[in-house]
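Structure, as structure tokens:
The values are calculated or read from the model by the stated rules, or taken from the named source; none is laboratory data. Since the structure is predicted, the reported quantities are computational estimates derived from the model, not experimental observations. We place every Cβ from the backbone using ideal geometry, glycine too, and count neighbours over all the protein chains shown.
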Amino acid sequence: MYSVLDIETTGGKYDEEGITEIAIYRFDGDNIVDQFSSLINPDIEIQPFVVKLTGINKKMLQKAPKFFEVAKRIVEITDNSILVAHNAEFDYRILQTEFRRLSFSFERKTLCTVNLSRILLPEQPSFNLGKLVRNLGIPFTNEHRAHGDAKVTLKLFQLLLEKDIKKNILKKNIENLNPNKAPSKYLDIIDKLPSEMGVYYIYNQKNKIIYIGKSNNIKKRVLSHLTLNKKKDKNIQKEIGYVKFALTGGELISLLKVQNEIKVNKPIFNKRMDFRLFPMGIRIDSAPKYPNIIIEQIKKNQEYLSAYKTKREAKAAVIEFRSEFGICIQQTSLMNKEKICFNYNLKKCDDPCLAIESVESYKNKIKFLTKTFSYPYKNFLLIDKGRKNGEFSFVYIKNDRFSGYGYFELNHQIKTDDQINSRLISIENSLDTQKLVQNFLLRKKYLKLINLQNIN
């Protein structure tokens, strides 16, 4: 649990400042579960430059509560949580100073979005809150007011959580909050999960990820893990401590995200086959006079036309190539080379194996086949629904290679490489990612494609 906050002060000498406004959003990693915002009467003068910056003046604070009147609410809303702020050291110091004046010890763990941004967004030219979020395409209203700054810090923190593929932020959160306490009932776990599309992470009581999965209904899928009698599910039931999740919006991002994070985190209850979704590949062997189509288990440093879950699926695809593109079945790894081509006798093949078809003609067929597995554009965005109303997701293909995914709000433009990269959660290009994107393109399971002609 996190408490994302911002504080406006009077300015003045170190440790003599007073709070003029505070805003806190209690955040569970996905949703705001509580919030508090209030002006504060500091009983001291506000520095003129602060009045000019924030617009908060003495008159506005005359009827505002004093800090001691809201102190209990601040303690309650931040209880058992990590304080998150942009330049958290400052906000935390101010809070501790105010509580010290009340003879109360206020102790919380903190996370600073400035430091996190430097780690997870190193390419950004500035880490000033206003400049940073605008570069990232995050709408920012009510700047230099506590509720506005806290709300935009929350949105920035959500993006940083997405960028944190190894879940170091999440691990820190769990470790700080009752690391040895496991939920007493499965129901406690299930109640906190959404019935929406996304990726879920099952942790053991030592705060280690033991299983990662995806589902269009996270609550239902996790419930099945806790009720089924399969070996894997029984092991999960014995080890489960916590379940965290990340909503994804569209199915494609859900598949891309789960496949990548299984590879990165290597949970013990994910089978080794989970690390590669499509282990069988089809490649073109151009060495023979007539190119051959080879089906084999995917090897490193080898270029493949496409990938498949099983050898049977790969075989079925090659057989389809025969009818769709006129590919000779004898020029594949499916058949031993024979003198007579059965498909030629059926007039379904021009018989390159008997050298009846010209080499040039057959190579053109292979070239056309290869082209059908290419992306529709060199650079494009595949746009789909987002995680909430007013948000869209995107998958980015750059120079015919998968780059990653991200999210943007309705009023945010993403037309340049810099705009895209600022929102991008990078994932390494692979045959798996290529296959997933191609499948969705073929099935047209997206809202629209944006051709980015001018991006290099």
Legend entry - Scope region 22-50; condition closer than 18 Å to I94 by Cβ, without any contact (Cβ under 8 Å) to a residue 40 or more places away in the chain and of a type in the set (A, V, I, L, M, F, W, C); matching residues: L39, I40, I44, I46, F49
Inset, instruction - Being over 30 Å from L449 (Cα atoms) and surrounded by fewer than 18 Cβ atoms within 10 Å (Cβ to Cβ) is the filter here, so list the residues in region 227-264 that pass it. - result: T227, L228, N229, K230, K231, K232, D233, K234, N235, Q237, K238
Legend entry - Boolean, I294 is in the same structural domain as T332 (by TED's automatic domain parsing) and out of contact with any Pro (no Cβ under 7 Å at 6 or more places or on another chain): yes
Inset, instruction - Residue by residue through region 398-429, note down the ones that are modelled with pLDDT under 85, farther than 19 Å from F140 by Cβ and of a type in the set (S, T, N, Q). - result: T416
Legend entry - Restricting region 304-341 to residues that are among the polar types (S, T, N, Q) and surrounded by 14 or more Cβ atoms within 10 Å (Cβ to Cβ), the residue that is modelled with the lowest pLDDT: Q330
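Confirm whether D43 is at pLDDT below 90 and either within 39 Å of the chain's Cα centre (by Cα) or within 30 Å of R387 (Cβ to Cβ) (or both).
So D43 does not fit the description; no.
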Legend entry - region 61-74 residues that are aromatic (F, W, Y), paired with ones that are buried (at least 16 other Cβ atoms within 10 Å of the Cβ) (beta carbon under 8 Å, 6 or more apart): F67/G18; F67/I19; F67/I40; F67/P42; F67/E98
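What number of residues within region 420-456 satisfy the criterion of being small (G, A, S) and either within 21 Å of I298 (Cβ to Cβ) or more than 21 Å from the chain's Cα centre (by Cα) (or both)? Don't jump to the end; show me each part of the working.
Just the residues of region 420-456 that are small (G, A, S), to begin with: 422, 426, 430.
Those left that are additionally either within 21 Å of I298 (Cβ to Cβ) or more than 21 Å from the chain's Cα centre (by Cα) (or both): 430.
Selection size over region 420-456: 1.
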Legend entry - helices (runs of 4 or more DSSP H) enclosed by region 31-88 - at least 2 residues per element that are crowded, with 19+ Cβ neighbours inside 10 Å and among the hydrophobic types (A, V, I, L, M, F, W, C): 67-78
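Taking L95, is it hydrophobic (A, V, I, L, M, F, W, C), assigned by TED's automatic domain parsing to the domain that holds L159, modelled with pLDDT under 90 and out of contact with any Gly (no Cβ under 8 Å at 6 or more places or on another chain)? Even if it seems obvious, please write down each step before you answer.
On the way: hydrophobic (A, V, I, L, M, F, W, C): yes; assigned by TED's automatic domain parsing to the domain that holds L159: yes; modelled with pLDDT under 90: no; out of contact with any Gly (no Cβ under 8 Å at 6 or more places or on another chain): yes.
Answer is no for this residue.
Which residue is surrounded by the most Cβ atoms within 10 Å (Cβ to Cβ), if the candidates are limited to region 90-137 and must be in a helix (DSSP H, G or I) and of a type in the set (S, T, N, Q)? Break it down into steps so the answer makes sense when it comes.
Taking region 90-137 and keeping what is in a helix (DSSP H, G or I), we get 90-101, 113-120, 129-135.
Still in the running and of a type in the set (S, T, N, Q): 96-97, 113, 115, 117, 135.
Values: Q96: 16, T97: 17, T113: 25, N115: 15, S117: 23, N135: 19.
Checked region 90-137; the qualifying residue surrounded by the most Cβ atoms within 10 Å (Cβ to Cβ) is T113.
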Inset, instruction - Mind listing whichever residues of region 370-393 are among the hydrophobic types (A, V, I, L, M, F, W, C) and within 22 Å of P194 (Cα to Cα)? - result: F392
Inset, instruction - Could you list, in sequence order, all residues of region 447-456 that are at pLDDT below 85 and either surrounded by 17 or more Cβ atoms within 10 Å (Cβ to Cβ) or under 30 Å from I119 (Cβ atoms) (or both)? - result: I455, N456
Inset, instruction - Could you tell me whether I268 is β-branched (V, I, T), in contact with a strand residue (DSSP E or B) (Cβ under 7 Å, 6 or more places away or on another chain) and part of a loop (DSSP other than H, G, I, E, B)? - result: yes
Inset, instruction - Filter region 286-302 for residues that are under 24 Å from C328 (Cβ atoms) and basic (K, R) and give the result. - result: K289
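Among the residues of region 414-456, which ones are of a type in the set (D, E, K, R) and in contact with a helix residue (DSSP H, G or I) (Cβ under 9 Å, 6 or more places away or on another chain)? Even if it seems obvious, please write down each step before you answer.
At the first step, the residues of region 414-456 found to be of a type in the set (D, E, K, R) are 415, 417-418, 423, 428, 432, 435, 443-445, 448.
Of everything in region 414-456, those that are of a type in the set (D, E, K, R) and in contact with a helix residue (DSSP H, G or I) (Cβ under 9 Å, 6 or more places away or on another chain) turn out to be D418, R423, E428, D432, K445.
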Legend entry - Residue check, F380 surrounded by fewer than 20 Cβ atoms within 10 Å (Cβ to Cβ) and either touching a Leu at 6+ places or on another chain (Cβ under 7 Å) or at positive phi (or both): no
